[in-house]
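> Dropping a structure here in structure tokens format, bear with me for questions.
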Amino acid sequence: MRGKLTEEIKQKSKELLGYEITQIELRLMPYVQFVMMNDQKIDPNKINQEERVILSQWIEKDFIDGGAGGLSISKDFWIAINEICWISYVTYQ
């Protein structure tokens, strides 16, 4: 299924990010991709409290910076979320 947290994605996230992501993180990644490719601002109305916590954790890990006023992303995190989204949403079985 598209967007499902599989063992392959868990393993890939450990390899690329250093930890196993959650289902919520996996579903948040395409939104962050979209934001970065468009206006580069998180719409607070499009994320819930759990996602806000994840964004805060990503800020602590230096994966991203900012948010509603303007989002920036590290190149390594950009590459990681693209790889993870590729596996989960594009090449799913």
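> Among the residues of the range 25-46, write down those that are aromatic (Phe, Trp, Tyr) and more than 8 Å from the chain's Cα centre (by Cα).
Phe34
> Filter the range 17-41 down to the residues that are of a type in the set (A, V, I, L, M), crowded, with 17+ Cβ neighbours inside 10 Å and out of contact with any strand residue (DSSP E or B) (no Cβ under 9 Å at 6 or more places or on another chain) and list them by number.
Leu17, Ile21, Leu26, Leu28, Met29
> Here's another thing I want to ask about it. Read through the list (1) touching a strand residue (DSSP E or B) at 6+ places or on another chain (Cβ under 9 Å); (2) surrounded by fewer than 14 Cβ atoms within 10 Å (Cβ to Cβ), then give the number of the only condition that Glu60 fails.
(1)
> Let me ask another. Kindly establish whether Ser13 is outside any helix (DSSP H, G or I), out of contact with any Ser or Thr (no Cβ under 9 Å at 6 or more places or on another chain) and modelled with pLDDT of 95 or more.
no
The values are calculated or read from the model by the stated rules, or taken from the named source; none is laboratory data. These numbers were taken from a predicted model, which means no experiment stands behind them. For neighbour counting, all protein chains shown are included, and Cβ atoms are generated from backbone atoms with ideal geometry for every residue, glycine included.
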